[in-house]
1. Could you list, in sequence order, all residues of the range 337-372 that are part of a helix (DSSP H, G or I) and either open to solvent by 10 Å² or more (accessible area, probe 1.4 Å) or β-branched (Val, Ile, Thr) (or both)?
2. Please go through the range 268-293 and give me each residue that is of a type in the set (S, T, N, Q) and closer than 15 Å to PHE243 by Cβ, ordered by number.
3. Within the range 300-332, take every residue that is open to solvent by 20 Å² or more (accessible area, probe 1.4 Å) and either modelled with pLDDT under 95 or not in a loop (DSSP other than H, G, I, E, B) (or both) and give me the one that is farthest from the ligand (Cβ to nearest atom).
4. Would you check which residues across the range 1-17 are part of a loop (DSSP other than H, G, I, E, B) and either acidic (Asp, Glu) or open to solvent by 10 Å² or more (accessible area, probe 1.4 Å) (or both) and list them?
5. I'd like to check something: does the range 167-179 contain any residue that is open to solvent by 40 Å² or more (accessible area, probe 1.4 Å), under 15 Å from ILE130 (Cα atoms) and either outside the structural domain of VAL91 (by TED's automatic domain parsing) or touching a residue at least 24 places away in the same chain (Cβ under 8 Å) (or both)?
6. Taking the stated definitions as given, is GLY375 at pLDDT 95 or above and out of contact with any Gly (no Cβ under 7 Å at 6 or more places or on another chain)?
7. Tell me which of these GLY321 doesn't satisfy, since it passes every other one: (1) more than 20 Å from ASN366 (Cβ to Cβ); (2) within 23 Å of the chain's Cα centre (by Cα); (3) not β-branched (Val, Ile, Thr).
8. Those residues that are buried (at least 24 other Cβ atoms within 10 Å of the Cβ) and away from the ligand (no atom under 16 Å from the Cβ), I need them from the range 34-50; list them, please.
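The values are calculated or read from the model by the stated rules, or taken from the named source; none is laboratory data. Nothing here was measured: the structure is a model prediction, and the numbers come from that model. Every residue, glycine among them, receives a Cβ derived from its backbone with ideal geometry; neighbour counts consider all protein chains shown. Ligands, DNA and RNA are stripped out before the accessible areas are found, and what is left, the full protein with its side chains, is counted by its heavy atoms. Shrake-Rupley method; radii C 1.70, N 1.55, O 1.52, S 1.80 Å.
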Amino acid sequence: MYYFAVEGGTRLSGEISVGASKNAVLPMIAASLLADRGTTVLKNVPNNADVRTMLAVISQLGAEVDFDKKSHKVTIDASRVNSYEAPYDLVKKMRASFLVMGPLLARFGVARVSQPGGCAIGARPVDQHIRGFQKLGAKISETHGYTVAKAKRLRGTVLHFDRPTHTGTENILMSAVLAEGKTVIINAAQDPEVVDLCEFLKKMGAKIEGAGTSRITIRGVSSLKAVEHKPIGDRLEAGTFLFAAAATGGKVKVRGCPPEHLSAVLFKLEDMGAKITGGRNWIEISAPRRLKSTDIITDPYPGFPTDLQALAMAALSIAEGTGVVWERIFENRFLHVMELQRLGANITILGDRATIIGVDSLSGANVMASDIRAGAALVIAAMSAKGKSKISRVYHIDRGYERLEKKLQKLGAKIKRKEE
Ligand code: EPU
């Protein structure tokens, strides 16, 4: 098992590029199943564990897959898919495997997918996905831990999500594109990854309007073809470098992500005293010697992303003053707090709110990652701390980042991957 050995105290500086967004690539890999002809090509794909898991899921279904890790190019031929089942072994590794349900159901009229179950950050049910498939006319049954959906052909409908669900919106989009007639999704997720998935589906021949708003209209077509696409840059990876620079008093230019995908975050970084500049596809941060505290509320896009909450908290831990973080998306996304406390942070939790009283400095310690972003938050805290830290369970971080340590080294961080 790998761990990161980090020696804190270096100001990060320099330029870095982000790869394609993991959370855009995953639904696109699933959407490639919709093409009954041609080869899908995805570019700039990060070689992280979640991407490899999604490719394993569709390979198991009979898709021919190639991932050239040097050129970061994925090619997929889904013309001979001959299985409609995503098994427990793969779905338990990654909840997003549930995204194959929509495309399988739409193209083959049947899908059998292991139920994802809970995860470290919360219960995370998929009831909104299921309700959507039912509204589209699918019969759903649940047996032996699997959800089975069947429909001769899906029929367009109007559905209203209880709350804007990111993968729920994607799953319904990928089923409605081949349904008969018009589907309207109300209270849809507005995230840039959802918009990019719509761009990808439209290239394939889908008819979609309203992407990026809370009301998306889809007019079903009878078939879709494989296409080439370069997904948007990863705003969460970009946010990681911005908070890393902020917490170490650094100056970093991040290429590959437009500022508007992170506007809520950039606004908060400015509140914290950082100077932000940006252009078409880049953001630069220049952080003060000491950050100022601020309050953060996580919300669906365009609100402050829950995925960067832990990273913001790492920075707030050493800011001047007291800040409150209110986590409104996931009920258990505070597992990083105990680990930040081990590094000397002064944080108390009351329900879904955490109060962070900034300390003068953190001090290196042994800590443990519990999910992708909690892990990245600990890396940031360790880089800003005095002395050495050991961050174990790096496999969580590797799910969402391709060699995070290499990119941080390029910015001057003293971080090494080591084996136990
Ligand atoms: N929810 C339901 N029922 C549903 C679906 C969602 O109650 O059927 C609830 C969830 O439990 C949660 C809220 O609605 O409280 C929002 O969840 P959402 O469905 O939007 O999350 P998700 O689609 O499962 C995606 C990302 C996550 C990211 C969240 C929030 C992917 C593959 N995953 O998850 O990313 O945190 O949206 O933005 O896109 C990560 O990359 O590390 C990650 C966890």
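1. Filtering the range 337-372 down to residues part of a helix (DSSP H, G or I) leaves 337-342, 372.
Those that are part of a helix (DSSP H, G or I) and either open to solvent by 10 Å² or more (accessible area, probe 1.4 Å) or β-branched (Val, Ile, Thr) (or both): VAL337, MET338, GLU339, GLN341, ARG342, ILE372.
2. SER286, SER293
3. Per the stated criteria, the residue is GLU320.
4. MET1, GLY8, GLY9, THR10, ARG11 - these are the residues of the range 1-17 that are part of a loop (DSSP other than H, G, I, E, B) and either acidic (Asp, Glu) or open to solvent by 10 Å² or more (accessible area, probe 1.4 Å) (or both).
5. Checked against the condition, which is being open to solvent by 40 Å² or more (accessible area, probe 1.4 Å), under 15 Å from ILE130 (Cα atoms) and either outside the structural domain of VAL91 (by TED's automatic domain parsing) or touching a residue at least 24 places away in the same chain (Cβ under 8 Å) (or both), the range 167-179 yields at least one hit.
6. On the way: at pLDDT 95 or above: yes; out of contact with any Gly (no Cβ under 7 Å at 6 or more places or on another chain): yes.
When the stated conditions are applied, GLY375 passes them.
7. Status for GLY321: all satisfied but (2).
8. LEU34, ALA35, THR40
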